[in-house]
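What follows is one structure encoded as structure tokens, with my remarks underneath.
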């Protein structure tokens, strides 16, 4: 479980970085979120921060794992959709 805790800390730090340095996430966020990219960077940061914290706490780890899987699938699907549309 130490691996999941570490992954959670990394994911939470990445989520926090969306707020500390949002410009760093613009290039990768433009494709899946071509409209209102800045707002989506903040939403994704909040999501990643929450999921990361969830992974660090044993009581919420299972729900956070499911949430992380769904979030990853959603991001992938959104990116694939916009790749086909481009």
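Bear in mind these aren't lab numbers, they're just calculated from the coordinates by the rules spelled out. Remember, predicted model here, so these are calculated numbers, not experimental data. Here the Cβ positions follow ideal geometry from the backbone for every residue, glycine too, while neighbour counts run over all protein chains shown.
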* To do: For residue 16 and residue 81, compute 0.36 nm times the residue count separating them, minus their Cα-Cα distance, and round to one decimal in nm.
  => 20.7 nm
* To do: Express in nm, to one decimal, how much length is gained between residue 30 and residue 5 on full extension, taking 0.36 nm for each residue of separation and deducting their alpha carbon distance.
  => 6.0 nm
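Take 82, 18 and order them by how many other Cβ atoms sit within 10 Å, fewest up front. Don't jump to the answer; show the numbers that get you there.
Working: 82 14, 18 21.
Ordered by Cβ neighbours within 10 Å, fewest first: 82, 18.
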* Against the longest alpha carbon principal axis of the chain, how many degrees, from 0 to 90 and to the nearest 10, is the axis of helix 61-85 turned? -> 10
* **Helix axis angle, 37-56 relative to the chain longest principal axis, alpha carbon, degrees** => 10
* If you line up the long axis of helix 2-20 against the longest principal axis of the chain, both from Cα atoms, how many degrees apart are they, to the nearest 10? -> 40
* Asked: For the chain, what does -39500 (n - 2.57) per DSSP helix run (n ≥ 4), summed and divided by total residues, give at 222 nm, in deg cm²/dmol to the nearest 500?
  -> -26500 deg cm²/dmol
* **Ranked 72, 60, criterion: other C-beta atoms within 10 Å, fewest first** => 72, 60
